[in-house]
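Worksheet: one structure, shown below.
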Amino acid sequence: MRRSSFLLTAALVVAILAPLTMAYRISGAAHATGGGGRILGYVGVAVLLVALLAATAVGLRDLSRSLAGVDPAASAIAARLGEKPEQQLLVARWLARSRWYRNVGGVAGVLGGLFGGFGAMVLVGLIGLTFGSLAAELHLLRPDRISGTRPAGPRVAGLERRSLRRYWDPARQLALAAAGVVAVWLLLADRFGLVDDLRVSWVVGVVLIVASALFLQWRVATRPRPALPGALRSADDLIRSLAITHGIANPAITLALAFLGQGLSDTSDALSVMAWLTALALYWRFRRLGLDHLLDEPPLAARMAAA
């Protein structure tokens, strides 16, 4: 699937660059001959417009599929994360839901910043994507209902104690905490006159982002679950870990850096640009939850059989 997407993108790039090159050469020839090639120049422009329309149509098709909740890659990624069918079903359901929330939030953000220029589109788009990603984790998956393994009779709660430390990724938690510490330090430095022209509201936003992310991570880690078979229990633990790291920590760190960049824009251009570049790099690294690289690996069941 990734190979097909790459080939489609390459074809669209060629379809756009080829008419551009042809139109440029034709316009040069027309200028050299005093306008004799003007008709051919119009043809090149027309071909260019057709290629642009085709690229737009493909983009709108992919966007409409994403907003409709169609995620063909979810099942393939789930097969790389879960060994048994009921595990894969649960992981695929979480992936499709989380990506849908992110897509809706990101598109709403971009549309909200449409009339504020490119910078506003990027910033508000990141805000929408992050809030969509966090909102997705407010939804409670019921592993027993999704897999169809719920036993007859009253529900029995699992008695196992769970903590955030069990599911978090230390590096991501350190980065999230560092963003909060830097924001608090900047607010204190501004209060005592150690920094100039700090945009306080954006830095306060960083503190709120970090606090909200930590609270939501704790909620995901400790929310109750019914007594489940071992396979579904493992899948549920995997989903909690993915939600805490990929669904909450990654977008929160990205947005916190973007807010830091905004907060420092009048204080230090270099630090502001550095924060923004890091945020954009992390967005690109973690786009689509940062799990598409798993498509290059064989399914987990095949790896387990080979081992």
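Before moving on, here are some points about what is shown:
- Residues D292, D71, D266, arranged from fewest to most other Cβ atoms within 10 angstrom of their Cβ, appear as D266, D292, D71.
- Summarising the label geometry, the points placed 7 Å from Cα in the beta-carbon direction at S268 and W284 lie 2.4 nm from one another.
- Protection proxy ranking of 109-122, 92-105, by the mean of other Cβ atoms within 10 Å over each peptide's residues and highest first, is 92-105, 109-122.
- 12 Å beta-carbon shell around R287, net charge (K/R +1, D/E -1): +3
- For A135 and A189, a Förster radius of 51 Å and the Cβ-Cβ distance give a FRET efficiency of 0.95, rounded to the nearest 0.05.
- Fully extended contour minus Cα-Cα distance, from L277 to F118, at 0.36 nm per residue: 55.7 nm
- Computed E for D197/E297 - FRET, C-beta separation, R0 41 angstrom, nearest 0.05: 0.25
Throughout, read-outs are computed from the coordinates displayed, never taken from laboratory work. What you see is a predicted model; the values in this text were computed from it and never measured. Virtual Cβ from ideal backbone geometry, glycine too; neighbours counted across all protein chains shown.
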